[in-house]
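The structure under discussion appears below in the form of structure tokens.
The values are calculated or read from the model by the stated rules, or taken from the named source; none is laboratory data. Treat the numbers as computed from the prediction; the structure is a model and nothing was measured. No Cβ is skipped: glycine too gets one built from the backbone with ideal geometry, and neighbour counts run over all protein chains shown. Surface areas here come from the heavy atoms of the whole protein model, side chains and all, with no ligands, DNA or RNA. Shrake-Rupley method; radii C 1.70, N 1.55, O 1.52, S 1.80 Å.
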Amino acid sequence: MSVANKQAICNVLMKRAKTDKDIVVLCSDSRGSGSMVDFAEKYPEQFVEVGIAEQNLVSIAAGLAACGKKAIAVSPACFLSTRSMEQIKVDVAYSRTNVMLLGISGGVSYGALGMTHHSTSDIAALGSIPGMRLYLPSDRLQAEKLTEALLEDGEPAYVRVGRNAVEDVYEEDALPFEMNKATVLREGQDLAIIACGEMVLAAKRAGQALEKQGIHAKVIDMYCVKPMDEEAVMGAARTGRIITVEEHSFYGGLGSMVCQLTAAKSPCKVVNLTLPDTPVITGSSREIFDHYGLNAEHIVRVAKRMLEK
Amino acid sequence: MNTVKDLERKACEIRMDTIKLVYTAGCGHIGGDMSETEALVALYYKYMNCNPDRADDPDRDRFILSKGHSVETLYCILADKGYFDREELMSTYCRYESRFIGHPNNKIPGVEMNSGSLGHGLPVAVGMALAGKMDRKDYRVYTVMGDGELAEGSVWEGAMAAGHYKLDNLCAIVDRNRLQISGTTEEVMSQRNLEERFMSFGWNVLSVQGNHMASIDGALAVAGESVGRPTVIIANTVKGWGVSFMEDNASWHHKVFNGEQYEQAMAELQDRRAKLL
Ligand SMILES: Cc1ncc(C[n+]2csc(CCOP(=O)(O)OP(=O)(O)O)c2C)c(N)n1
Ligand SMILES: [Mg+2]
């Protein structure tokens, strides 16, 4: 199946809002792109529209949360993460309010709309805030589980999803999900591929392709970028070679965090596949991925190169 | 190119170019392109001192498209004025490795500032206007904002600073088309008392019919006379103006034409243009 992660999250919210009247969804002229039109129509009394005002969005969400609501602030990841960073730092993370920040159309989903619309610094920006947790689910099944878990735990979190429908990574009835534990998609001892978000599918495919060539790659879905699953990273390090794959800048993302952990505890060779430290080329998100090697073919090439050395 | 009729004809041609661009590329924000056309045409073909041969003249007037999503109109105007090749724009806009991305980018000759994230244009324009005052230069600074955009607090921080520094070399235009992505501005986040709000920040406020060239033309002339106060022109426009099926219809914020719609839109504008010859 192929469903956008934001749609999967909305489905959970729709289901829960029926009985949980504390759930409040907030949008900033973003209900269409956030797949929240149905929610707004079905639960108008649990929906707040703030207009094009992302800083306001986050502070209002924090205020609602401080008075007992489970606030879900939905806005394009680019604006939500960095424009509202101060509000996230002070009103959400520092004040520990029960706000789930849902960054939609994340990474380079907006393609040719350019850097104003890309969120490739969100992990770096928000990850550096004490108390902020970051999740990048890989498919609809995981996105659903994650949303359910977040609705229960009452702590601040940022969830980033892409704009487009993504193919299932997991099987419908066999989804291994444990909160804050990475999911090992494939075991292997030659090298490890750690990916997050919608790059997990490419990592999974690369793992399959390598297997056909007799290379046993361990593939890890690090949907919980922060708190990162250290044990899983150590498991990857034991193979001696790690490739990280993410829809984020080279600095301060999944790759940087994996390097910090391995350098301190279990040094091994790590290659970070990321977007460049420049505004990306014009194109659709697919064209951008292919241009910068964020696809299964390139992961395979990099893996083979690492093994040759 | 100075009579109202000349400008009206130019606006009609720019609309046709814009529609062609969006149709060819299969993307764009056509509704807001159509509503802002008169303002941009009046600025670029009559009021602004700007010239592709001297694109970095320190004395040029500055323009910032704060509602950067409506970039197609701006690109078509800049191409028409000779800042770059129209064919390159038409054939590469938003395509793989093109220099023309879907929001203003100052790699492109004629574009002063990168925009696309709403609520930046006015404060940046304040900086440019302040620099003009510091350097005792005569250039003027213009910015066009959306009405949905006015929900951003940064707009009002900029408005306060412009009033405080008495920036009479600054003119902001609000494309008051009463629509944004999710519906009408009044449903999403009311913008009532807009005139009073700007006035209270010390602005010279003009409210005109924004798709009526003579009115926009007149307002820009008045703005140039302001002493000691920045001017805002509330341009009461119609989103999608000029094409019957797009007018005042929120779904045309960024919808793209099918072949039939494209033909009809072009036919309607050709009719209008014929009447202006
Ligand atoms: C900071 C920011 N938030 C959200 C968006 C997404 N966005 C693009 S256009 C738009 C609606 C703009 O409405 P309005 O300002 O009224 O412009 P117009 O009607 O003239 O198109 C939105 C929300 C953005 N570009 N920037
Ligand atoms: Mg509008």
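Numbers below:
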read-out	value
Residue range of chain B that is longest and free of GluC sites (Glu not before Pro) which are both DSSP loop and sparsely packed (at most 12 other C-beta within 10 Å)	B:98-224
Accessible area of B:Met128 in the full protein assembly, 1.4 Å probe (Å², nearest 10)	30
Region A:219-249-region B:33-68 distance, computed between alpha-carbon centres (Å)	49
GNM result for chain B, Cα springs below 10 Å: residue of B:Arg99, B:Arg136, B:Arg15 fluctuating most strongly	B:Arg136
Positive-end residue of A:Met1, A:Leu254, A:Ala62, charge dipole of the protein assembly as shown with Cβ unit charges	A:Leu254
Size of the B/A contact, given as accessible area buried on both chains, probe 1.4 Å, in Å²	1800
Rg over Rh [alpha-carbon atoms, Kirkwood Rh] for region A:2-167	0.92
Three principal axis lengths of region B:1-153 [C-alpha, angstrom, descending]	44, 37, 29
Cα gyration tensor, region A:72-168 - rounded (a/c under 1.5), prolate or oblate	oblate
Expected-Rg normalisation [2.2 N^0.38 Å, Cα atoms] applied to region B:16-99	1.09
Among B:Asn193, B:Asn204, B:Asn106, residue whose mean-square fluctuation peaks in a GNM of chain B (springs only between Cα atoms under 10 Å)	B:Asn193
If the convex hull is drawn through the Cα atoms of the protein assembly as shown, its volume per residue in Å³	162
Whole-number D in µm²/s for chain B (Stokes-Einstein; Kirkwood sum over Cα pairs; 37 °C, 0.692 mPa s)	177
Environment charge at A:Ile194 (Cβ cut-off 10 Å; Lys +1, Arg +1, Asp -1, Glu -1)	-2
P(r) tail fraction, chain A - alpha-carbon pairs more than 31 Å apart, %	25
Prolate/oblate/rounded label for region A:225-309 (Cα gyration tensor, a/c 1.5)	oblate
On Cα atoms only, tilt of A:54-66 relative to the major axis of chain A in degrees	70
Helix axis angle, B:71-81 relative to chain B longest principal axis, alpha carbon, degrees	90
CD proxy at 222 nm, helix term only [per DSSP H run n ≥ 4: -39500 (n - 2.57); per residue of chain B; nearest 500]	-13500 deg cm²/dmol
Residue of B:Ser35, B:Ser66, B:Ser98 that the Gaussian network model of chain B assigns the largest fluctuation, springs spanning Cα pairs under 10 Å	B:Ser98
Percent carbon-and-sulfur accessible area, region B:36-82, ignoring ligands, DNA and RNA, probe 1.4 Å	36
Loop-located trypsin sites (Lys or Arg not before Pro) in region A:188-286, at most 15 other Cβ atoms within 10 Å (DSSP)	A:Arg238
Check: region B:4-275 dipole with +1 on Lys, Arg Cβ and -1 on Asp, Glu Cβ, in debye	360
Taking N as its residue count, the alpha carbon Rg of region A:67-128 over 2.2 N^0.38 Å	1.15
For chain A, with +1 on Lys and Arg beta carbons and -1 on Asp and Glu, the positive-most of A:Gln213, A:Phe289, A:Val161 along the dipole	A:Gln213
Carbon + sulfur, % of accessible area of chain A - ligands and nucleic acids excluded, 1.4 Å	50
Size of charge dipole - region A:2-167 - debye, nearest 20, with Cβ of Lys, Arg +1 and Asp, Glu -1, no other charges	80
Folded to 0 to 90 degrees: helix A:296-308 orientation relative to chain A principal axis, Cα	40
Electrostatic dipole magnitude of the protein assembly as shown [Cβ: Lys, Arg +1; Asp, Glu -1; Cα centre; debye, to 20]	880
